[in-house]
Amino acid sequence: MLEEMSSNLLEILDLGQEGILLLNDREEVLFANKVLGQFFQTTEKTMVGRNFSEYLDTEEAALLHSLHKATVEEPGDRMQTACIDRRDRGQRIEVLYGRPKGKNKPTFYYFRDITKRANAEQKLIERNSFLNGLIESSVDGIIAADMTGKIILFNKGAQNLLGYTEAEARNEVHTTRLYTEGTAHEILRRMRSDEYGGPGKCIKHRVIGLSNEGDEVPISLSGGIIYSGDAKEVASFGIFTDLRQVEQMQKRLNDKQMQLIQSEKMASLGRLAAGVAHEINNPLSGVLIFANLVLEDLPEDSDQRQDLERVISETTRCKTIVRELLDFARQDDTTCEMLDINHVIKESIHLVRNQSVFLNVEIVLDLEPNLPVVSVSTTRLNQVFLNLYLNAAEAMDGAGTLTVRTSAIADGKSVQVEFCDTGHGIPMDIQTNIFEPFFTTKEVGKGTGLGLSVSYGIIQDCGGTINVWSEQGKGATFVVALPTMEAQSQGQTSAEKS
Ligand SMILES: Nc1ncnc2c1ncn2[C@@H]1O[C@H](COP(=O)(O)OP(=O)(O)OP(=O)(O)O)[C@@H](O)[C@H]1O
Ligand SMILES: [Mg+2]
């Protein structure tokens, strides 16, 4: 009966896929099952009674020997695990071993071939690290959160975009903090709706993200919901593309387009003005000459003298306007000189300082020393500056502060002059009109509206720009930028070369 049982037991031990081994203290085989024999390319029967290390290579023998020693020194109920890597055969064997406490107890081992499992694990690790690499090397931010809004993935792109470290994002930040108020819920609503790319998906749309410092970051976001096998929502994810550069470029493009439209408009107005001014100039000169001749012939006490003098003064006024129009249309040529802008400013300020409109105006000069020289006509530049001073004084109603600031910009390739006043400012809707000829907000007869258009023409003629920054009620700043001599000559040289 007992014999039958033990033979059954032995058969059972051979049914599994584990090699079983019992060793005595001298590392001699007390028992080995069939599977073990196969592991070591022999038969279990030949193994019994022999030293186990005979079946092993030196490395494996050393490992088994150390395991054996450990069990002899510290027997116990718990099984331990070790691993034999047979790289040359591409095989991996897990060894479970132990030795019960007590005298003359054997050490027992289970050898299990885990090659398939290990390979699958290795593949999984490789696949995971590939996916991880993919996520981490993406320029776009990739963020995933569980359905409570706790962040579970925050790649490098997201860290660069929003400024949080991965640990901060995962431990301290709720998804709602990544956007302006209400946005996170709106995104989830879109993902759940089928109107934005199908249920569980959300196609690219613009949202405003919030950085760790509270800065608003425009983002193009697409994303979706991840479902479990039983269609439960497990997590949501989003792919964030930084729109800052694109939007800045778009803005620059729009500005350039506006500038182009504006300068095209000014150019055609210039051509029109030049034509009209040219036609009117000659008859006006004729009227003046003949009116003066008639005046000379009139007796001193004639009643008509006063009327004629009025004709002459009004005609002279018309001629001034025509001259300004010709200026705007760059009809008269004036020679350029090498100028220190600071010097021109000091001189022109000196001219206006004592005029009545400037009596209560504080003039602050903030001039950067050693500015590069520019090549412009002094007369024309003076004309621009005087126009700007007068406009400022008029906008401040004769009392306030006018600051004139100079600086070198664009790596010393341009000189910039800012004229800041504390006047009533310019409403947004007329800011694009103020450079047009005859545009004025003054009462009829008080201004021609040519001051800024003439200035615009002069500055453009010098290859410079004039712009305005203003808010109603908060003063105005006119910014004139002129290319330096050096930049101009470099431009010419490169133009000649090409
Ligand atoms: N510093 C300023 N602050 C507020 N508004 C200004 C300023 N400079 C110009 N403007 C606005 O721009 C308009 C056009 O200015 P521009 O110098 O061309 O003509 P004007 O001053 O009205 O007339 P003119 O110069 O012929 O006397 C002004 O009427 C005014 O509305
Ligand atoms: Mg003016």
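The values are calculated or read from the model by the stated rules, or taken from the named source; none is laboratory data. The structure presented is a predicted model; accordingly, all values stated were derived computationally and were not measured. For neighbour counting, all protein chains shown are included, and Cβ atoms are generated from backbone atoms with ideal geometry for every residue, glycine included. In case anyone asks, the SASA skips ligands and DNA or RNA and just uses the protein heavy atoms, side chains included. Shrake-Rupley method; radii C 1.70, N 1.55, O 1.52, S 1.80 Å.
Restricted to segment 467-491, and to residues there that are over 18 Å from V373 (Cα atoms) and aliphatic (A, V, I, L, M), the residue that is surrounded by the most Cβ atoms within 10 Å (Cβ to Cβ) is A476. Taken together, T335, T320 contain a single residue that is in a helix (DSSP H, G or I) and of a type in the set (S, T, Y), which is T320. Filtering T107, T81, T42 for residues that are touching a helix residue (DSSP H, G or I) at 6+ places or on another chain (Cβ under 7 Å), at pLDDT 90 or above and among the β-branched types (V, I, T) leaves a single hit, T107.
Note on segment 54-138: enclosed strands (runs of 3 or more DSSP E) holding 3 or more residues that are of a type in the set (S, T, Y) and within 18 Å of I20 (Cβ to Cβ) are 107-113. Counting the residues of segment 342-383 that are open to solvent by 50 Å² or more (accessible area, probe 1.4 Å), over 23 Å from M396 (Cα atoms) and either of a type in the set (A, V, I, L, M, F, W, C) or at pLDDT 85 or above (or both) gives 5. Among the residues of segment 428-439, count how many are within 14 Å of ligand 2 (Cβ to nearest atom) and either within 40 Å of the chain's Cα centre (by Cα) or of a type in the set (K, R) (or both). Result for segment 428-439: 7. Residues that are free of Cβ contacts under 8 Å to residues at least 60 places away in the same chain, of a type outside the set (F, W, Y) and assigned to a strand (DSSP E or B) within segment 467-493 comprise N467, V468, S470, T477, listed in sequence order.
Of all residues in segment 295-327, those satisfying the criterion of being closer than 11 Å to L284 by Cα, of a type outside the set (A, V, I, L, M, F, W, C) and open to solvent by less than 100 Å² (accessible area, probe 1.4 Å) are E314, T315, T316, K319, T320. Within segment 448-466, take every residue that is touching a residue at least 40 places away in the same chain (Cβ under 8 Å) and among the small types (G, A, S) and give me the one that is nearest to ligand 1 (Cβ to nearest atom). Within segment 448-466, the match that is nearest to ligand 1 (Cβ to nearest atom) is G451.
Candidates are the residues of segment 440-465 that are open to solvent by 30 Å² or more (accessible area, probe 1.4 Å) and at pLDDT 90 or above; the one that is farthest from ligand 2 (Cβ to nearest atom) is T465.
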